[in-house]
Every structure is written in structure tokens, then in C-alpha cells.
1. Specify the residue with the greatest mean-square fluctuation among R51, R110, R18, computed from a Gaussian network of the chain linking alpha-carbon atoms under 10 Å apart.
2. At 1.4 Å probe size, what's the solvent-accessible area of V25? Round to the nearest 10 Å².
3. Run the helix sum for the chain: -39,500 (n - 2.57) per DSSP H stretch of 4+ residues, divided by residue count, reported at 222 nm to the nearest 500 deg cm²/dmol.
4. In whole Å, largest first, what are the principal axis extents of the Cα atoms in the chain?
5. Report the gain in length on full extension from E55 to K10: 0.36 nm times residue separation, minus Cα-Cα distance, nm rounded to one decimal.
6. Any idea what the dipole of the chain comes to, in debye rounded to 20, about its Cα centre with Lys/Arg Cβ at +1 and Asp/Glu Cβ at -1?
Amino acid sequence: MARWIARPLKDIAQAAERVGLGEEVAPIPECGPVDIRCTAAAFNRMQTRLRLFVEDRTRMLAAIGHDLRTPITSLRLRAEFVTDEETRQKLLATLDEMQTMTEATLAFARDDAARETTRSVDLAALLESLCSDLSDLGWT
């Protein structure tokens with residue numbers, strides 16, 4: 001009797017863990033006592049809502065990424081006409097970063113993106129770089 005009750009709970013717990021890791025999980029069988037069936041049904045509804053939410057966000061990211069290509073190209077063309085070499089190079093570097101982010105967004109939306117591993121960031125160097133860029137723009 002205890003196994004009959006515990007097995008569906010174990011299945012729900014395992015499925016929840018896999019969903020939390022971003023995996024696709026088949027709907028959980030809605031069997032067992034009434035409370036367990038209700039919990040499995042609620043889990044299945046939640047999983048469907050999460051999948052639809054992620055799909056909607058992915059479509060939105062794809063649209064934004066696609067729409068950003070034109071203004072980035074326009075800004076790149078304008079940057080080429082900046083007479084100060086140092087300013088032009090900084091503008092082009094920033095546009096290259098924006099282009100890379102846009103392409104990564106589109107790759108993610110196409111589901112071509114590989115899972116990126118977590119890596120450490122030198123926060124001090126990042127902040128120093130940002131401060132330098134803002135200083136060049138006249139911010140103090």
C-alpha cells in the first residue's frame with residue numbers, strides 16, 4: 001500500500017527536478033489516490049504553461065534579435081564616417097558586441113545554441129572597462 005502511494009510521489013519529484021533543469025518531461029500518469037492524481041494533474045498543467053511561456057519568450061527574442069540587425073547595420077555605416085580614429089574603433093567594437101549578442105539571441109531562438117558553461121568573471125576588470133567607456137563618453 002505504501003509503495004502504491006509513494007511511487008507516484010517519487011515520479012512527481014523526479015519529473016519536477018528534470019523540469020527544473022530545463023528537460024522535456026512526458027506528462028505524469030494521473031494515478032493513485034485522489035490527492036496524488038490531483039497533484040499530478042496540477043504538475044502536468046504547470047509544465048504545459050511553462051512550455052508555452054518559454055516558447056512565447058523565445059519567439060519574442062527571435063523577433064527582437066531580427067529587428068535589431070537593421071539599426072546595428074545603420075549605426076555601423078555611420079560609425080565608419082567618424083573622423084576620430086579612436087572613437088570610430090570604440091564605436092565599431094561596441095557594434096561588434098551588439099552584433100554578437102544579436103546573433104547569439106537568434107541562435108538561441110533557433111535552438112541551435114549549445115549550453116554555455118558557467119565561468120568566472122573578473123568583476124573588477126569588467127567594471128573598470130565600463131567606467132573607461134563611460135568616461136570616454138564624457139560621464140564622470
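1. Sorting by GNM fluctuation, first place goes to R18.
2. 10 Å²
3. Mean residue ellipticity at 222 nm (helix-derived): -26500 deg cm²/dmol.
4. Between the extreme Cα coordinates on each principal axis of the chain lie 80, 33, 25 Å.
5. 13.4 nm
6. About 1000 debye.
The values are calculated or read from the model by the stated rules, or taken from the named source; none is laboratory data. All of these numbers come straight from a predicted model, not from anything done at the bench. For neighbour counting, all protein chains shown are included, and Cβ atoms are generated from backbone atoms with ideal geometry for every residue, glycine included. The accessibility values were calculated without ligands, DNA or RNA, using every heavy atom of the protein model including side chains. Shrake-Rupley method; radii C 1.70, N 1.55, O 1.52, S 1.80 Å.
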